[in-house]
Structure formats: C-alpha cells, structure tokens
1. Filter segment 117-140 down to the residues that are closer than 16 Å to Arg107 by Cα and small (Gly, Ala, Ser) and list them by number.
2. Does segment 182-189 contain at least one residue that is touching an Asp or Glu at 6+ places or on another chain (Cβ under 9 Å), assigned to a strand (DSSP E or B) and of a type in the set (Ser, Thr, Tyr)?
3. Of the conditions (1) outside any loop (DSSP other than H, G, I, E, B); (2) acidic (Asp, Glu); (3) farther than 30 Å from Phe213 by Cβ, Asp119 clears all except one; give me its number.
4. Determine, yes or no, whether Asp119 is in the same structural domain as Val197 (by TED's automatic domain parsing) and touching a residue at least 24 places away in the same chain (Cβ under 8 Å).
5. Within segment 50-70, can you find the residues that are touching a Leu at 6+ places or on another chain (Cβ under 9 Å) and within 21 Å of Lys124 (Cα to Cα)?
6. Condition test on Val143, is it under 30 Å from Thr65 (Cα atoms) and assigned by TED's automatic domain parsing to the domain that holds Gly95?
7. Tell me which residues, restricted to segment 27-76, are more than 22 Å from the chain's Cα centre (by Cα), at pLDDT 95 or above and assigned to a strand (DSSP E or B).
8. Does any residue in segment 142-167 that is more than 30 Å from Gly95 (Cα to Cα) come within less than 7 Å, Cβ to Cβ, of a residue that is in a loop (DSSP other than H, G, I, E, B) and among the polar types (S, T, N, Q) six or more places away or on a different chain, and which pairs are these?
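The values are calculated or read from the model by the stated rules, or taken from the named source; none is laboratory data. Since the structure is predicted, the reported quantities are computational estimates derived from the model, not experimental observations. Backbone-built Cβ (ideal geometry, glycine too); neighbour counts: all protein chains shown.
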Amino acid sequence: MKTQRISLRSIVSSAALLIFCSVLAGWVRPELPTKTKPATSFSAQLQQVSVEINGVSHLVKNGETLRVVRGDRIKIIEGKLNDAGKKIEAINVIGFNSPKSRNGDDRKIEFSSFSFQRDWSENKQGDTFVAIASSGNETHGAVFFKVIEPELNFAVLDVNGREVVLRSGEPFVGASTDQVRVKRVVTNVADNDNVFVQMVPVKGRSGEYEMRFLREKHIFAKLPLKLEK
C-alpha cells in the first residue's frame, strides 16, 4: 500500500482555512435599520443602484458593498428594480442627514463621506453604512458603503532641484538654506486634487517643521522635516 506524505505546513494551512470558512459561514449581516418589510416578489426586489463617487459613475448590485475613501463625494443617482417598469419611492442613506432630503429620499444629493454618523454605521464601527431602497412599507433592497481612511503612499519633494521620495512617517533632514517644495503626492485617494499640504513650524523647536496632508481640513498623514543650520 502506498503512503502519502503530508507536510505539517499543509495541515496547518488546511486548519487555518477551515477556521476562516467556519467564521465566515457564521457571520450574518445585521438586520437593516428599517421598519419596512422585505419585498417578497422577485419583480419588486432591487437589482442595482447607480452611484457617483467624485463624479465617476458606479453600478452597485443589491447587497453589494462599494469602497469609498473618507472625504469622497457621494451621490445616489437612481435605483433599478428587477421589474424595470416599477419605480422606487426613496433611497435613504442611513447615517446621513440632509435638509434637502425629501421624505427620506437622498437621490441626487451630493454629500461627503465625512458626513456619515458613526452611531448609524453597521455595529456602530464607523466604517460601513447602508442605503436602503423602499416604497411604502416595502424594502426593495440595499447597497453598502465601506469607508476606508485616506493614506499617504509617498510624497516627492524637490530639494534644490533634486527629487527626494518620502513615505508616510519618514523624516527629512536638510540644511536651513535648502529650497524645499512638494512636487507630487501619491495617496489612495482617486482625485489627489482634493488633497492639501501644509508646512507647519513645530512649536518651541527651531528649524523643525511638520508637513501635514489634509482632506477637507482633516489631517491623515504627517512628515517631519528638520532644517539644520
């Protein structure tokens, strides 16, 4: 009889996969924060929602999650049911309050993902929010927004005509006579035109500065600079 050798690494990997699958299978998305009842007929169920993120169109299917970076501009355009002849009365973004909202309908209203209220997020974790499509007492379906934080990949400085690449948290040490300017910034934000840079002196420390990267006045990364005499 032939015997088969199985490495310990394979056993550990298989066990880890089994645990992961068990945890995944046991996870159930929390109930939608609505008093309306789910649509029972296929024709009345949500097929997809069209959404604009920073002016770029996306189609999100019922139950799917769209990733956005905190500070992105979001606009719900329209929803479509399986029966295209039927209309949706409202698509309500839970956790976003707007004076422009009409009877809980947030379609065609642009807002910043900074506007999401943590208490209305999934499990109050502050990162997953839901838009619910409904008509009367019937819920057609929902799509979700997963909010991730903006991150600095790297910044390119021009120092006396020479390029210096710095990653998040890396310090730059130069001379007080150096001419320093930010040439380029690369982040996980799709539109870096909405990213601003501030050079702020460190209080009580001569020649030390903090380069701050902001989105809508929110600081998401810092680089220390020291210009020595």
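1. Scanning segment 117-140 gives Ala131, Ala133, Ser134, Ser135.
2. Yes: segment 182-189 contains one or more residues that are touching an Asp or Glu at 6+ places or on another chain (Cβ under 9 Å), assigned to a strand (DSSP E or B) and of a type in the set (Ser, Thr, Tyr).
3. All conditions are met except number (3).
4. Details: in the same structural domain as Val197 (by TED's automatic domain parsing): no; touching a residue at least 24 places away in the same chain (Cβ under 8 Å): yes.
Spelling it out, it is not the case that Asp119 is in the same structural domain as Val197 (by TED's automatic domain parsing) and touching a residue at least 24 places away in the same chain (Cβ under 8 Å).
5. Taking segment 50-70 as the starting set, the residues that turn out to be touching a Leu at 6+ places or on another chain (Cβ under 9 Å) are 50-51, 53, 58, 60-63.
Residue satisfying the conditions is Gly63 alone.
6. Working: under 30 Å from Thr65 (Cα atoms): yes; assigned by TED's automatic domain parsing to the domain that holds Gly95: yes.
Answer is yes for this residue.
7. Hits for segment 27-76 are Leu46, Gln47.
8. Asn160/Gln179
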